[in-house]
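Working notes, structure below.
Every number here is computed from the coordinates shown, using simple stated rules; none is lab data. A quick note: this is a predicted structure, and the numbers were derived from the prediction, not measured. Glycine also receives a Cβ, built like all others from the backbone with ideal geometry; neighbour counts cover every protein chain displayed.
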Amino acid sequence: MANASTGDTATAGTAGKRPFPHRDLLGVSQLNQHEILDLIDRAEAMIPISRQPRKILPTLSGKTQINLFFEPSTRTQSSFEIAGKRLGAQVTNMSVKTSSVTKGETLIDTAATLNAMQPDVIIVRHPASGAVELLSQKVGCAVINAGDGSHEHPTQALLDALTIRQRKGRLAGLTVAICGDIANSRVARSNLLLLGALQVRTRVIAPKTLLPKGIEALATEVFTDMRKGLEGADVVMMLRLQHERAAGRLIPSVREYYRFYGLDAEKLALARPDAIVMHPGPMNRGVEIDPAIADGPRSVINEQVEMGVAVRMAVLDALLADPSQVSA
Ligand code: NCD
């Protein structure tokens with residue numbers, strides 16, 4: 001279960017037994033420290049399920065899960081799908097290309113239509129910040145934010161925290177450097193909120209043009225010099241340059257960007273010798289990260305993907321399962 005020896009765990013021994021106090025998971029900003037640690041503990045308890053030959057729990061049997069993705073996604077959508085199926089839910093994937101949204105139906109109409117089908121949970125990804133919250137107000141079931149614009153991506157931050165805790169044995173007191181397109185990144189925002197709530201020192205590293213206004217309020221330290229920002233870091237989290245959000249216009253050239261902000265062996269040597277390297281994917285190899293580092297021994301990128309399923313199982317379980325039936 002949770003890492004009781006580190007003091008990171010507020011709920012050791014009770015994970016999965018108390019009801020979760022929210023209908024939806026819209027963002028890390030709605031969670032307090034206790035609730036964050038509870039979800040991480042619940043996720044840790046889910047890890048073994050995916051490693052056993054028969055990967056199934058009956059907790060969501062008879063429940064209907066709809067994945068509603070208005071943005072292309074491979075890993076997040078399949079991760080939610082697999083998580084739901086491993087808990088016994090019936091999962092339907094709706095992608096925008098095949099839906100009536102392309103015929104002019106609004107987000108609200110789509111929400112009302114789906115709601116009439118009596119789902120138990122809708123998982124939504126949308127290019128506009130705030131769209132998921134809007135949708136949640138129009139439906140009668142649980143809603144999980146799978147990424148809205150540059151706002152929040154709560155399950156990504158939870159899976160990142162679980163990955164770090166699995167590798168480092170703790171979270172509190174670590175230094176995590178988040179580097180790259182901070183301005184456009186919902187991953188950075190959710191991570192800064194989550195890590196900040198758990199007494200993790202956070203650094204953001206980016207050229208000025210990729211730092212959002214007010215970032216000082218979210219991160220412990222802000223760097224424009226990657227070499228300085230990496231010094232002594234326990235975790236180096238690289239972010240993708242968000243071309244679909246026009247990040248390319250905010251840098252002189254991709255080559256320049258790689259030279260100053262791409263993670264290669266020489267820059268990584270400035271972090272702690274045992275520092276781990278993370279990336280939420282999809283990666284632009286050779287733009288923000290050297291392929292040799294992405295595939296190297298310090299990379300935990302594939303572990304992040306594995307932890308993603310555990311976190312999504314935990315969130316689905318927390319929101320939907322009857323607490324008296326929870327077996328995790
Ligand atoms: C991230 C996202 O979609 O916000 N990816 C993901 O969830 N796997 C990061 C990104 O797209 O760069």
Once both label points are put 7 Å beyond Cα along the C-beta direction, the V305-S100 separation in nm becomes 3.6 nm
Length gained, S253-Q137, 0.36 nm per residue minus C-alpha separation, equals 37.6 nm
Mean Cβ-within-10 Å packing, highest first, puts peptides 305-316, 56-67, 161-172 in the order 305-316, 161-172, 56-67
Once both label points are put 7 Å beyond Cα along the C-beta direction, the R51-H34 separation in nm becomes 3.1 nm
What the 5 Å binned alpha carbon P(r) of region 242-328 shows, as percent of pairs per bin from 0, is 3, 12, 18, 16, 14, 12, 9, 7, 6, 4, 1, 0
Computed for region 28-185: size of charge dipole around the Cα centre, +1 on C-beta of each Lys and Arg, -1 on C-beta of each Asp and Glu, debye to nearest 20, value 740 debye
Flagged as over-length at 29 Å C-alpha distance, from K168/K228; K55/K267; K168/K267; K55/K138; K138/K213; K63/K168, the pairs are K55/K267; K55/K138; K138/K213; K63/K168
Along the dipole axis of region 157-236 (charges at Cβ: +1 for Lys and Arg, -1 for Asp and Glu; origin at the Cα centre), the most positive-end residue among L210, L159, A188 is L159
Kirkwood radius from Cα pairs of region 178-328 plugged into Stokes-Einstein at 4 °C, 1.567 mPa s, gives D in µm²/s equal to 79 µm²/s
In the chain, helical segments from DSSP H whose Cα atoms cover 20 Å or more along their own axis and that average at least -1.0 on the Kyte-Doolittle scale are 33-51, 154-168, 301-320
antiparallel share of DSSP beta bridges within the chain, to nearest 5, in %, is 5 percent
Given all pairs of distinct Cα atoms, the chain yields a Kirkwood Rh in Å of 20.1 Å
For region 93-181, the Cα-Cα pair-distance distribution in 10 Å bins from 0, as whole percents, is 14, 38, 24, 17, 7, 0
If R0 = 30 Å, then T209 and A269, at their Cβ-Cβ distance, give a FRET efficiency to the nearest 0.05 of 0.65
In terms of the charge dipole of region 46-152, which places +1 on Lys and Arg and -1 on Asp and Glu at the beta carbon, the residue among I56, I123, G147 farthest towards the positive end is I56
